[in-house]
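Accompanying notes for the structure given below.
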Amino acid sequence: MKLTLTEYISIKLHKTDLMLTSFIKSKLDPFNLAPEQNLIMMLLWEKDGLTQNQLVESLNKDKTNIARMASNLENKGFIKRVNCDEDRRAVRLYLTKAGKELGEKVIPIAEEFNDIICHGISKEELVVMEKVLSKMNSNVQNLM
């Protein structure tokens, strides 16, 4: 074995992802919101009325996963799903009053989370990180 377990970049990325997810999960628990559901809500707080297919593309998740999360968010009263008039197969997601109010509480938490994890990291380092992650994603995508 050329590399030790701690030398694999995939292990380092996985550990960081687990730590970040665990931290944000603890912050979102009081709001009955899972980290993956929060990703959908963040997109809707940015632009209400997105289709499930737009969420699939934005989050790089499969349709079934997005549909299940949307159903859960609807059951919690945060969103309403509406069939599109133009295409009956397409479903748009709209924030409910409760969903909009949730955003007023959760968006500041997400911004604070971003500030915490970026503390001590320069803008230049963040640009380099984004480039490196983009190259890694491209490398994997080229294999698929």
If one compares the long axis through the Cα atoms of helix 123-143 with the longest principal axis of the Cα atoms of the chain, the angle in degrees, nearest 10, works out at 80 degrees
For the chain, what is the convex hull volume of the alpha-carbon atoms per residue, in Å³?
158 Å³
Over 26 Å between Cα atoms, which of LYS80/LYS123; LYS61/LYS100; LYS15/LYS105; LYS63/LYS131; LYS61/LYS131; LYS25/LYS100 qualify?
LYS80/LYS123; LYS15/LYS105; LYS63/LYS131
Toy charge model, Lys and Arg Cβ at +1, Asp and Glu Cβ at -1: the chain dipole around Cα centroid in debye, rounded to 20, equals 440 debye
Using alpha-carbon pairs under 8 Å, 6+ residues apart, how would you state the relative contact order of the chain in percent?
18 percent
Could you give the alpha-carbon Rg of the range 93-143 over 2.2 N^0.38 Å, rounded to two decimals?
1.69
Return the sequence-ordered ³J(HN,Hα) values of the range 15-26 in whole Hz as given by the Karplus equation 6.51 cos²θ - 1.76 cosθ + 1.60 applied to θ = phi - 60°, using x for Gly and Pro.
4, 5, 4, 4, 5, 5, 5, 4, 5, 5, 4, 5
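Any read-out appearing in this document is the output of simple, stated calculations on the displayed coordinates, not a laboratory observation. All values derive from a computational prediction rather than experimental measurement. Cβ sites come from the backbone with ideal geometry, for glycine too, and all protein chains shown count toward neighbours.
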